[in-house]
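Undergrad: Just dropping this structure here.
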Amino acid sequence: MMKVLVQEQDFNIAAEIADIVSKRTDIGGIVTFTGLVRDFHGSNKIQKMTLEHFPGMAEKQLEAICKTAQERWPLLGGTVIHRYGPLNPGDQIVLVITLSAHREAAFDAASFIMDWLKTDAPFWKKEETLSGTHWVSAKDADTLKAEKWQK
Amino acid sequence: MDLLYFAHVRENIGCSSEQISLPDNISDVSGLINHLRAKGINYQSAFENEDIIRVAVNQLYVNFDHVISEKDEIAFFPPMTGG
């Protein structure tokens with residue numbers, strides 16, 4: 001089972017790892033990925049960002065992506081946390097933790113979850129720059145990254 | 001039926017949700033979009049470019065030819081940009 005949380009508040013990576021590892025001794029590797037708010041987009045300086053989401057469906061989609069990852073790799077657990085609301089450059093946006101007996105499964109599953117989350121989880125970024133605010137447009141490159149996992 | 005709008009679709013239309021009754025002659029998502037366009041310029045601009053419109057019926061992604069009914073919850077939004 002993987003833990004999925006969609007929340008406004010920040011998260012603590014060490015506490016999240018401790019929460020799922022607990023006293024287990026069968027875990028050989030932990031992979032974590034943390035996404036942060038960058039202060040630039042191309043040549044634009046980002047002042048602030050707001051993440052909008054579809055409550056209910058966001059959790060459902062993240063759970064579905066985690067389920068697929070668990071069917072594909074021998075994971076011993078994991079966590080996905082995605083934040084929403086107003087964020088500043090440097091803030092944490094997303095956390096993926098994967099646990100497995102051997103590192104390959106943990107690395108590949110974390111990468112798979114991130115690639116699918118980008119294109120399949122209903123979240124939308126709005127950036128505030130000196131010249132105004134705009135919705136971030138989806139990148140074709142992200143769709144291709146997600147599709148490369150299809151066998 | 002319940003309609004939900006997110007991101008630029010929500011901003012263009014000017015509300016995040018509304019309830020409408022599904023006209024008898026409309027059977028799919030595509031028909032609903034055309035029906036909404038007739039409601040005003042704000043809907044026309046929200047649905048101007050169908051390439052950047054995604055649809056979820058009862059929280060599942062569907063195509064524009066998906067058959068809809070009065071009891072569905074239909075959400076319109078742009079391609080996702082989370083992560």
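The values are calculated or read from the model by the stated rules, or taken from the named source; none is laboratory data. Nothing here was measured: the structure is a model prediction, and the numbers come from that model. Every residue, glycine among them, receives a Cβ derived from its backbone with ideal geometry; neighbour counts consider all protein chains shown. With ligands, DNA and RNA removed, areas are computed over all heavy atoms of the protein, side chains included. Shrake-Rupley method; radii C 1.70, N 1.55, O 1.52, S 1.80 Å.
Undergrad: Return the residue satisfying two criteria in turn: it lies in the range B:38-83 and is outside any strand (DSSP E or B) and at the interface with chain A (Cβ under 9 Å from one of its Cβ atoms), and of such residues it is farthest from residue A:56 (Cα to Cα).
TA: Here the answer is B:52.
Undergrad: State whether one or more residues within the range A:127-134 are surrounded by fewer than 24 Cβ atoms within 10 Å (Cβ to Cβ), over 14 Å from the mean Cα position of the chain (by Cα), free of Cβ contacts under 8 Å to residues at least 60 places away in the same chain and in a helix (DSSP H, G or I).
TA: No, the range A:127-134 contains no residue that is surrounded by fewer than 24 Cβ atoms within 10 Å (Cβ to Cβ), over 14 Å from the mean Cα position of the chain (by Cα), free of Cβ contacts under 8 Å to residues at least 60 places away in the same chain and in a helix (DSSP H, G or I).
Undergrad: When the residues of the range B:45-63 are narrowed to those that are under 13 Å from residue B:77 (Cβ atoms) and among the aliphatic types (A, V, I, L, M), which ends up surrounded by the fewest Cβ atoms within 10 Å (Cβ to Cβ)?
TA: Looking at residues that are under 13 Å from residue B:77 (Cβ atoms) and among the aliphatic types (A, V, I, L, M), I get B:52.
Undergrad: Applying the selection to the range A:53-64, what residues are closer than 14 Å to residue A:7 by Cβ and surrounded by 15 or more Cβ atoms within 10 Å (Cβ to Cβ)?
TA: Matches in the range A:53-64: A:53, A:58, A:59, A:62.
Undergrad: Under 11 Å from the mean Cα position of the chain (by Cα), within 14 Å of another protein chain (Cβ to nearest Cβ), on the phi < 0 side of the Ramachandran plot and open to solvent by 10 Å² or more (accessible area, probe 1.4 Å) - does that describe any residue in the range A:77-94?
TA: Yes, the range A:77-94 has at least one match.
Undergrad: Can you list the strands (runs of 3 or more DSSP E) found entirely within the range A:1-97 that contain at least 3 residues being under 28 Å from residue B:5 (Cα atoms)?
TA: Once the strands (runs of 3 or more DSSP E) in the range A:1-97 are filtered for at least 3 residues that are under 28 Å from residue B:5 (Cα atoms), what remains is A:2-7, A:44-53, A:75-83, A:85-87.
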